[in-house]
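J.: The following block contains the structure, expressed as structure tokens.
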Amino acid sequence: MKNVLINKIVEIVVTENQLRSFWKKLGEDLEFETLSNEQLMTLAKREIEEASLLELDSHLIDRGWRSRDEIEGKMIAEDNSDPRFHIELIDTAKEGTPSKILIDRMLELHCENCGFGLYIQDCDIDPSTLKCPKDGGKLSITGNNTKKINRN
Ligand SMILES: [Zn+2]
């Protein structure tokens, strides 16, 4: 079978209004206004985890519901604790540049002599045309191509 894998960065937005109604639905006693930045990001993550496919659509940029101006503003907090997510809290009332996420494809090589490891950006290179920068030993590809998500 020839299955196609498309690695795409999906931007999921949970607006303050969506957070408020989700908070109301949870029926918590605390006032929404008292939630900390960290609690708001955790709440957004939970809302997305519990969302139906239809609800998820209302959070996706480029699907007709959410627009880019809803993520333009100043980033006031971020959460990098889960490697599968990058979560930002953006204050749209403040000036700021939207963050950019790039996917970098890297090739991991190691020296058969000394074990020195390195990454290169040219994934099509023949490793036998390169030498270990430490001792000139023979380089081999380590495992498969590594996909690394870099944030600028
Ligand atoms: Zn070496």
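J.: For residues that are assigned to a loop (DSSP other than H, G, I, E, B) and among the basic types (Lys, Arg), scanning just region 6-64, find the one that is surrounded by the fewest Cβ atoms within 10 Å (Cβ to Cβ). Write out each step before concluding.
T.: Applying the first criterion (assigned to a loop (DSSP other than H, G, I, E, B)) to region 6-64 yields 6-11, 13-15, 27-31, 35-36, 51-52, 58-59, 62-64.
Okay, now just the ones that are also among the basic types (Lys, Arg), so 8, 63.
Values: Lys8: 7, Arg63: 11.
Among residues in region 6-64 that are assigned to a loop (DSSP other than H, G, I, E, B) and among the basic types (Lys, Arg), the one surrounded by the fewest Cβ atoms within 10 Å (Cβ to Cβ) is Lys8.
J.: Separate question: Only one residue in Ile125, Ile90 is without any contact (Cβ under 8 Å) to a residue 40 or more places away in the chain, away from the ligand (no atom under 16 Å from the Cβ), surrounded by 13 or more Cβ atoms within 10 Å (Cβ to Cβ) and assigned to a loop (DSSP other than H, G, I, E, B), so which one is that? I'd like the intermediate steps shown before the answer.
T.: Details: Ile90 fails: assigned to a loop (DSSP other than H, G, I, E, B).
None of the other options fit; the residue is Ile125.
J.: Of the numbered conditions (1) under 17 Å from the mean Cα position of the chain (by Cα); (2) closer than 16 Å to Leu40 by Cα, Asp91 satisfies every one except a single condition; which is it?
T.: Exception for Asp91: condition (1).
J.: For the list (1) surrounded by fewer than 11 Cβ atoms within 10 Å (Cβ to Cβ); (2) modelled with pLDDT of 90 or more, I need the number of the one condition that Asp82 fails.
T.: Checking Asp82 against (1) surrounded by fewer than 11 Cβ atoms within 10 Å (Cβ to Cβ); (2) modelled with pLDDT of 90 or more, the one that fails is (2).
J.: Taking into account only those residues within region 103-122 that are within 8 Å of the ligand (Cβ to nearest atom) and not in a strand (DSSP E or B), which is nearest to Ile141 (Cα to Cα)? Give the derivation first.
T.: Here is the first cut: in region 103-122, the residues within 8 Å of the ligand (Cβ to nearest atom) are 111-116.
Now drop any that are not not in a strand (DSSP E or B), which leaves 112-116.
Details: Glu112: 10, Asn113: 13, Cys114: 14, Gly115: 12, Phe116: 12 Å.
Per the stated criteria, the residue is Glu112.
J.: Scan region 134-144 for residues that are exposed (fewer than 12 other Cβ atoms within 10 Å of the Cβ) and within 8 Å of the ligand (Cβ to nearest atom) and jot them down.
T.: Asp135, Gly136
J.: Checking Glu95 against (1) in a loop (DSSP other than H, G, I, E, B); (2) touching a Leu at 6+ places or on another chain (Cβ under 9 Å): exactly one of these is not met. Which one?
T.: With respect to (1) in a loop (DSSP other than H, G, I, E, B); (2) touching a Leu at 6+ places or on another chain (Cβ under 9 Å), Glu95 is out only on (2).
J.: Kindly evaluate Glu108 against the criterion of being loosely packed, with under 12 Cβ neighbours inside 10 Å, at pLDDT 75 or above and touching a Gly at 6+ places or on another chain (Cβ under 8 Å). Write out each step before concluding.
T.: Numbers: loosely packed, with under 12 Cβ neighbours inside 10 Å: no; at pLDDT 75 or above: yes; touching a Gly at 6+ places or on another chain (Cβ under 8 Å): yes.
So Glu108 fails the test.
The values are calculated or read from the model by the stated rules, or taken from the named source; none is laboratory data. In this text, all values refer to a predicted model and were calculated from it rather than measured experimentally. Cβ coordinates were reconstructed from backbone atoms using ideal geometry, including for glycine residues, and neighbour counts include every protein chain displayed.
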